[in-house]
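Okay, so here's the structure we're looking at.
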Amino acid sequence: MKILIVNGSPRGRFSVTLQSCLYLEKRFPRHSFEYLNVGAGIAAFERDMAPAAAAFARAELVIFAYPVYTFLVPSQLHRFVELMKEHKLAVKNQFVTQLSTSMHFYDMTAHRFLDENFRDMGMRPIKGLSAGMEDLLGEHGRRELEDFLEYAVFCAENGIWDKDIPARAAVEPPVYECSLEPCKKQEGFDTVIVGDLREGDESLRALIKDFGAAYPYKTRFVNLADFAFKGGCLGCLNCAMSGSCVYKDGFETLLRDSIQSADAIVYAFTLRDHSMGARFKMFDDRQFCNGHRTTAEGKPFAYICLGDCAQEENLMTVLRARADVGHSFLAGVASDAESIRDVTARLAWALEHKYNPPRSFYGVGGMKIFRDLIWVMRGMMREDHRFYRKHGLYDFPQRRWPRMLGMGLLGAVMRSKRLRRLVGGRMNEGMLAPYKKVLDEM
Ligand SMILES: Cc1cc2nc3c(=O)[nH]c(=O)nc-3n(C[C@H](O)[C@H](O)[C@H](O)COP(=O)(O)O)c2cc1C
């Protein structure tokens, strides 16, 4: 079978994910492999998509191979998907699958994002493989990788693909016109709106204007479309070692002095391709210069979205999870006059009351992955390590001795039939005793 590997890693031939593809090529000599270097070579595809179109036309199975980057795919691969759509690449009915490597931190949202875009283009997606970064180094991981390829080839050869998610027709962003009167502004809080506002984005401009009108505090605007990014994150990890990015385009100053310094942050974007667009993704990826540190913890934030974000289950998961991992209150997504009123009111209230509810599974689970990762890599990720130690984020091994002792005693008691009968009836009472104490002491 003719297999096309779309290498979405910005690390190009130094990509860890690519090594899995090279392994498959050696392991299955009966298949032919061709490579399209889109992660590191995105600039060339911006100029000319013809080589990509030709490579897709030759392929019987396409594999998007990439690292998971900040909940989704790297901005360069995201841009390539945009280019595929802009150039209307003839990929209808083409069998496609994906192979990612990551630390399994929101790998499923990355897969779903690509899957949704494959379906938009009429491709036939086959369930992909989300491998751990080091899986190829072990026998078990190699077996899983081989099984994955055999499964994908079997599906493509037999015309089987995943039809369980219906493709949604692409919807043009709605037209929005200003309708809200500016309210009286109060002093006290600095709120920044970070937007990707391009020429001609009049509806998004109007939405942002109405948000500012309904919000009781003054806002500042940072337009990502005006910022001269030197490029997307290269995954070089220079920032992890030296604390600063290899690009010298002023991004870190913009991030720290104009965005993270605010009391509340609002992101404004037009819904495109089930996401916030490749430019916003570039902004997200470049924030890797903060490592895995929750630098905006406690600062409430919100989104302004031109488009029906509520219908985008995967994107909503990403937005909620980002807030949760960062431990910030998400005031909501404003996309029309009614939701603007709700979101601005919630954001202002959260600021005034320092409201920050506890993390849910999205954040608690995510932070445990980070915790383990930083602990293992602490020799290199010095800044992260310092931050995790300072904020007590290394919560292992659990040292809750009284609780553990209590559980040990209870286990010993429950092993005896006689004692079990005696204590069994008092379990509920025992469990509630500490809670009752709190209530009694009130
Ligand atoms: C900017 C950046 C963002 C990342 N975001 C995630 C993430 O959200 N989830 C995750 O599990 N790993 C994340 N990683 C780790 C990479 O997915 C992982 O190291 C991957 O194996 C690198 O593959 P590559 O060498 O093919 O680029 C990130 C790495 C970088 C540099």
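Values quoted throughout were computed directly from the atomic coordinates according to the rules given, and no laboratory measurement underlies them. Since the structure is predicted, the reported quantities are computational estimates derived from the model, not experimental observations. Positions of Cβ are generated from backbone atoms using ideal geometry, with glycine treated the same way; all protein chains shown enter the neighbour counts.
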Just the C-alpha atoms of the range 300-442: what Rg/Rh do they give, with Rh taken as the Kirkwood radius? 1.14
Tell me which lysines have Cα within less than 16 Å of K184's Cα, excluding those fewer than 8 residues away on the same chain? K209, K218
Candidates M414, M84, M380; GNM for the chain (alpha-carbon contacts under 10 Å) flags as most fluctuating M414
Post the alpha-carbon centroid distance, the range 258-307 to the range 36-65, in whole angstrom. 29 Å
Grab every C-alpha pair in the range 2-157, bin the distances at 5 angstrom width from 0 up to the longest one, and report whole percents. 2, 10, 20, 25, 23, 14, 5, 1, 0
Which pairs, out of K299/K368; K281/K354; K299/K437; K281/K390, put more than 23 Å between their alpha-carbon atoms? K281/K354; K299/K437; K281/K390
For E150 and S179, calculate 0.36 nm times their separation in residues minus their Cα-Cα distance, and state this gained length in nm to one decimal. 4.8 nm
How many percent of all Cα-Cα pairs in the range 218-298 sit more than 22 Å apart? 26 percent
Report, largest value first, the span of the C-alpha coordinates of the chain along each principal axis, in whole Å. 74, 66, 45
Cα→Cβ-extended label distance, 7 Å offset, between A44 and E86, nm: 1.8 nm
Cα Rg, Dmax (largest Cα-Cα span) when computed across the range 159-293, Å: 18.2, 63
Do you know the relative contact order of the chain, to the nearest whole percent, from alpha carbon pairs under 8 angstrom that are 6+ apart? 12 percent
Under 10 Å, Cα contacts only: if you run a Gaussian network model on the chain, which one of Q19, Q98, Q76 comes out with the highest mean-square fluctuation? Q19
What aspartates and glutamates could a cross-link reach from K230, if we take a straight Cα to Cα line under 16 Å and drop same-chain neighbours fewer than 8 places away? E46, D249, E252, D284, D285
Using a Cα-Cα cut-off of under 19 Å, which lysines could be cross-linked to K92, ignoring same-chain neighbours fewer than 8 residues away? K2, K127, K163
Sorted by mean Cβ packing within 10 Å, highest first, what order do the peptides 392-400, 6-14 take? 6-14, 392-400
Here the gain from full extension of M377 to E202, 0.36 nm per residue of separation minus their alpha-carbon distance, amounts to 58.4 nm
Under unit Cβ charges (Lys, Arg +1; Asp, Glu -1), what dipole magnitude, rounded to 20 debye, does the chain have relative to its Cα centre? 2120 debye
Less than 14 Å Cβ to Cβ from F396, Lys/Arg counted +1 and Asp/Glu -1: what total charge do the surrounding residues give? +4
Among rounded, prolate and oblate, which fits the range 315-361 when a ≥ b ≥ c are the square roots of the eigenvalues of its C-alpha gyration tensor, a/c under 1.5 means rounded, and a/b larger than b/c means prolate? oblate
Using alpha-carbon coordinates alone, the radius of gyration and Dmax of the range 26-91 in Å work out to 12.7, 36
Testing the spin-label approximation: label points 7 Å from Cα along Cα→Cβ at Q260 and N158. State their distance in nm. 5.1 nm
Find the relative contact order for the range 2-157 and round it to a whole percent, using C-alpha pairs within less than 8 Å whose residues are 6+ positions apart. 24 percent
